[in-house]
Amino acid sequence: MNKIYLDHSATTPFDPQVLKKMQPYLTEIFGNASSVHSFGQEALKGVDWAREQLSKLFGCKFKEVIFTSGASESNNLALRGLVMAFRKKLEKKYHIITSKIEHPAILEVCQALEKEGLVEVSYIGVNKKGLVEVDEIKKAIKDNTILVTIMYVNNETGVIQPIREIGKMIEKVNKNRIPNSESRKPNDRFKKIYFHTDAVQAVNYCKMQANYLGADLITISGHKIYGPKGVGALYIHEGTPIKSITFGGHQEYNIRPGTYNVPGIVGLGAAVELVNNQSPIISARGGSASGGNDQIRKLRDKLIAGIQKAIPETQINGDLANRVPSNANISFLNAEGESMLLMLDLEGIAVSTGSACASGSLEPSHVLRAMSIPAEICHASLRFTLGKGTTEKEIDKVIEVLPRIVERLRKMSPLKR
Amino acid sequence: MQYSDILMDHFKNPRNQGEIANADGVGEVGNPVCGDMMKIYIKVGKDAKGEEVLADIKFQTLGCGAAIASSSMLTELAKGQKLEDALKITREQIAEKLGGLPKEKIHCSILAAEGLKKAVANYRGQKFTETHEEEEVEKEEKC
């Protein structure tokens, strides 16, 4: 059976070009990139090359890129690292603003920092389209706010958040906080509000220049962009106060100790190189896609249209206009998500669901719930995420198979339509 | 989380799925807000000794793979049994017969066991309180 993978937001397959770039670093180039001898220096070249690719992506300086073990670590470092740097300056309770639709790698860091009594956190809601509203963030800003962290693209709905607009708003607030640019003092940097965005789901489709976004901190991950798992990066704008949260080495400017994961870093660099070479990229807020992204959008739209035509009582979750071209999040009323997922899997089709039943908890998707979608409709949701390898034949197959599955489950349900 | 082959078999080929038009008793448990909902239909007959037996049992379920498989297994265990014996079917038995259930899916087997008890109570004209219900209400507030 030819399997069909429509879960690219969970992880992407390896691009062969990435693997090719990595291979030497898994075999003959084995040195420790911190060693002074030639073995180390050769490995370091790989790390430097990768850092160059990432600095192109962010449009930033070489030293503004920090390699990590992935997005979760990047998020932990961004949030906790900033709070720790501020605390070193002045021990008071600081304030963080985030949204209710963030990934657990943000939400749970916030909760941990709250529990430790280090910060207070405002969790901003979203509108029915799944969008964070800039004004809501603005309203939440307080004197002790030091950080706003909002994801670039939501992993469940694919909805693109107004990152650039938030960045601009924060910039204005900061101008008022530090009025006279002539007489800047070193301590001024502790008066600013910093802006972090978890951009793991955006890299393939959205503009990533830090300057354009107005972001001080940006998280990315290798395995969402056809690169390796276990490697990610954090862009840290020069001058942003960040303290190390792990200890034991001098690597990455003392911010992130640990022996360089050279093959992983090179793989991340190779994946980013592919992103850098794909052009043009869609604007920060939707806009039109080109190249490979155009094809993905075409297939995604075909999938949605096909499903809507063949299956009654469906609902698209989240704004379609402000969404990455790869995502379709659809609820099939009176059919349960995990059951649909399992039946699709039996047909060789991999998707994901916002149903509680598949999450290991009893809670349905916190993202869909934040959009005021009733719990029973969350349980009925499926997330299809396409990738650059998705073919029209695969989409046709899903459109052929899914109606039977939904009908079968609806027939099994005690709820009468 | 992993499902056993037995469970997957019951999910793929559910036994006794459907409704009984002129059922003697019906028990509906769970609710769609919390993701799982089951309706158990029973037809009661008498055996040679004149004791009440489950002549037929069918289910309808809206829910996850474990919920569908638990309902299916329940009906398989209960069908043809004396009413009194069928009432003794526990959630542990259902889970065990399915080759085990992941921890977070235990409530599916609870629902199935209670669905039958509720159907029998309905047949007998008794009131049945789901022990699961309290838990359910709490959960509802959260989910």
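The values are calculated or read from the model by the stated rules, or taken from the named source; none is laboratory data. Source: prediction; values computed, not measured. All Cβ positions, even for glycine, are placed from backbone atoms using ideal geometry, and neighbour counts span all protein chains on display.
Give A:Thr219, A:Thr157 a once-over and let me know the one that is out of contact with any Asp or Glu (no Cβ under 7 Å at 6 or more places or on another chain), among the β-branched types (Val, Ile, Thr), buried (at least 18 other Cβ atoms within 10 Å of the Cβ) and closer than 22 Å to A:Ser365 by Cβ.
A:Thr157
Please find, among B:Glu76, B:Glu19, the residue that is within 11 Å of another protein chain (Cβ to nearest Cβ), acidic (Asp, Glu) and within 14 Å of the chain's Cα centre (by Cα).
Testing whether each residue is within 11 Å of another protein chain (Cβ to nearest Cβ), acidic (Asp, Glu) and within 14 Å of the chain's Cα centre (by Cα) leaves just B:Glu19.
Go through (1) within 14 Å of chain A (Cβ to nearest Cβ); (2) assigned to a strand (DSSP E or B) and name the single condition B:Ala55 misses.
In the conditions (1) within 14 Å of chain A (Cβ to nearest Cβ); (2) assigned to a strand (DSSP E or B), B:Ala55 misses (1) alone.
Just give me the residues in the stretch A:47-74 being farther than 14 Å from A:Asn277 by Cα and either acidic (Asp, Glu) or not assigned by TED's automatic domain parsing to the domain that holds A:His103 (or both), in sequence order.
Listed by number, the residues that qualify are A:Asp48, A:Glu64, A:Glu73.
If the requirement is being modelled with pLDDT under 95 and of a type outside the set (Asp, Glu), which of these qualifies: A:Lys172, A:Lys191, A:Lys168?
So the residue among A:Lys172, A:Lys191, A:Lys168 that is modelled with pLDDT under 95 and of a type outside the set (Asp, Glu) is A:Lys191.
Among the residues of the stretch A:373-381, is there at least one that is more than 19 Å from A:Gly158 (Cβ to Cβ), of a type outside the set (Gly, Ala, Ser) and out of contact with any strand residue (DSSP E or B) (no Cβ under 9 Å at 6 or more places or on another chain)?
Yes - at least one qualifying residue is present in the stretch A:373-381.
So, B:Asp36, is that one touching a strand residue (DSSP E or B) at 6+ places or on another chain (Cβ under 8 Å), crowded, with 21+ Cβ neighbours inside 10 Å and charged (D, E, K, R) or not?
The answer is yes for B:Asp36.
Which one of these is closer than 14 Å to B:Cys64 by Cβ, at pLDDT 95 or above and more than 11 Å from chain B (Cβ to nearest Cβ): A:Ser381, A:Ser339, A:Ser372, A:Ser331?
A:Ser381
Considering only the stretch A:369-393, state which residues are within 26 Å of the chain's Cα centre (by Cα), over 17 Å from A:Gln308 (Cα atoms) and assigned to a helix (DSSP H, G or I).
Across the stretch A:369-393, the qualifying residues are A:Arg369, A:Ala370, A:Ala375, A:Cys378.
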